[in-house]
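Below you'll find the structure, written out as structure tokens, and then a few comments.
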Amino acid sequence: MKSPLLSLPGAVPGEGPDEGVAAHYGDLFREQRTLADGSGFVDLSHRGVVTVSGPDRLSWLHLLLTQHVSELPAGQATEALILSAHGHIEHALYIVDDGETTWAHVEPGTQGELIAYLESMKFFYRVEIADRTEEFAVVYLPAGSIAETPEGAAVRETPYGRDLFLPRAQLESFAAASGPPAGVLAYEALRVEAHRPRVGLETDHRTIPHELGWIGTAVHLHKGCYRGQETVARVQNLGKPPRRLVFLHLDGSEVALPGHGAPVRLASDGAEGRPLGFVTTSARHYELGPIALALVKRNVPVDAALIADTTAAAQEVVVEP
């Protein structure tokens, strides 16, 4: 969905999965500093919004999700995954329950596939599933923000800030009253700095939760069965996921950033060496310079110098090998 905030001064449209909202408003680093200081907001209105209501909603979701949600208190944020039968990540849901309805936002354009799966699993449970994307827009407020939450918005409070499920009709008036806007490039740079994975960027068709450090935050290891749990339990017991997420400090002398999917190799092997992983997200950070997340083979030495495409990179451990 194309955001009306693309009409704001300086707005440059996003691309790829973030098409439909502003990539930036003319000053990427200023926008990052604004968010880091607890001011401004980010328009995430392209993300899908799904709700589940009904008296069985939490006990039913508990059977499907990787997270323990059967007794989720009203107002407490959590995140959860839906896995394939083989334990590969299909969806990440960013969740809050308001006491009557469970709200979740998901990657842009994936809500239809998610809802189709949820509908197929309803059986006799008293739940109602709805796509609310046309009615509600997701807006991010950074940690420390003093911006007021408009009436009618559901709030998901996390250590990283607040996600608002804002009535879409209020998006422009909210923007006018909530300080300077920041684009998704600023939001993504801070996400990379915080080592937070994103489905579709840090994942491919065979990614499992252990590889991205989602155990604990999105996967509960002591709950009942859910699809893909066998893989989670097996990897947890063996302690050897095939790949691991790393944070990369990139050589700042290079003009271009390595793109999503760019090969990662050992620096000692040179640019023609055997790929040992790939770049998932790269960004320019207002303090750290060029940075990236990458998924590499588990046995890559943690102190090895790397090359991301043709750019020298020093790695920082995110997931222990």
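The values are calculated or read from the model by the stated rules, or taken from the named source; none is laboratory data. Keep in mind the model is a prediction, meaning the values are calculated, not measured. Using ideal geometry, Cβ is built from the backbone for each residue, glycine included, and neighbour counts are taken over all protein chains shown.
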Q.
Going residue by residue through the stretch 46-66, is there one that turns out to be assigned to a strand (DSSP E or B), touching a helix residue (DSSP H, G or I) at 6+ places or on another chain (Cβ under 7 Å) and farther than 20 Å from Phe136 by Cβ?
A. no
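Within the stretch 157-195, restricting attention to residues that are among the acidic types (Asp, Glu) and surrounded by fewer than 17 Cβ atoms within 10 Å (Cβ to Cβ), which residue is nearest to the chain's Cα centre (by Cα)?
Of all residues in the stretch 157-195, those among the acidic types (Asp, Glu) come to 157, 163, 172, 188, 193.
Retained after the next criterion (residues that are surrounded by fewer than 17 Cβ atoms within 10 Å (Cβ to Cβ)): 157, 172.
Numbers: Glu157: 15, Glu172: 24 Å.
Among them, the one singled out is Glu157.
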Q) Can you tell which of Glu79, Glu19, Glu90, Glu71 is within 18 Å of the chain's Cα centre (by Cα) and surrounded by fewer than 18 Cβ atoms within 10 Å (Cβ to Cβ)? A) Glu19
Q. Looking only at the stretch 109-150, which residues are within 24 Å of the chain's Cα centre (by Cα), within 15 Å of Trp60 (Cα to Cα) and of a type in the set (Val, Ile, Thr)?
A. Ile115, Ile129
Q. Hey, among Ala137, Ala104, Ala130, Ala85, which residue is in contact with an Asp or Glu (Cβ under 8 Å, 6 or more places away or on another chain) and small (Gly, Ala, Ser)?
A. Ala137
Q) From Ala137, Ala130, Ala116, Ala169, which residue is under 15 Å from Val106 (Cβ atoms) and part of a helix (DSSP H, G or I)? A) Ala116
Q. For the stretch 33-67, how many residues are surrounded by fewer than 21 Cβ atoms within 10 Å (Cβ to Cβ), closer than 14 Å to Lys223 by Cα and aliphatic (A, V, I, L, M)?
A. 3
Q. Does Thr158 qualify as being assigned by TED's automatic domain parsing to the domain that holds Gly38 and hydroxyl-bearing (Ser, Thr, Tyr)?
A. yes
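Hey, could you check the stretch 216-232 for residues that are of a type in the set (A, V, I, L, M) and buried (at least 19 other Cβ atoms within 10 Å of the Cβ) and say which is nearest to Thr66 (Cα to Cα)? Lay out the reasoning, then the answer.
Just the residues of the stretch 216-232 that are of a type in the set (A, V, I, L, M), to begin with: 218-219, 221, 232.
Among the residues that remain, those that are also buried (at least 19 other Cβ atoms within 10 Å of the Cβ) are: 218-219, 232.
Details: Ala218: 7, Val219: 5, Val232: 9 Å.
It comes out as Val219.
Against the definition (surrounded by 15 or more Cβ atoms within 10 Å (Cβ to Cβ) and not charged (D, E, K, R)), how does Ala256 come out, yes or no? Show your work before the answer.
Working: surrounded by 15 or more Cβ atoms within 10 Å (Cβ to Cβ): no; not charged (D, E, K, R): yes.
It is false that Ala256 is surrounded by 15 or more Cβ atoms within 10 Å (Cβ to Cβ) and not charged (D, E, K, R).
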Q | Failed item, numbered, when Gln32 is tested on (1) assigned to a loop (DSSP other than H, G, I, E, B); (2) polar (S, T, N, Q); (3) touching a residue at least 60 places away in the same chain (Cβ under 8 Å) | A | (1)
Q.
Can you pull out every residue in the stretch 67-113 that is small (Gly, Ala, Ser) and part of a loop (DSSP other than H, G, I, E, B)?
A. Ser70, Ala74, Gly75, Ala77, Ser84, Ala85, Gly87, Gly99, Gly109
Q | First in the stretch 193-218 and over 18 Å from Arg298 (Cα atoms), second anywhere and assigned to a loop (DSSP other than H, G, I, E, B) and β-branched (Val, Ile, Thr), Cβ under 7 Å, 6 or more apart | A | Ala218/Thr66
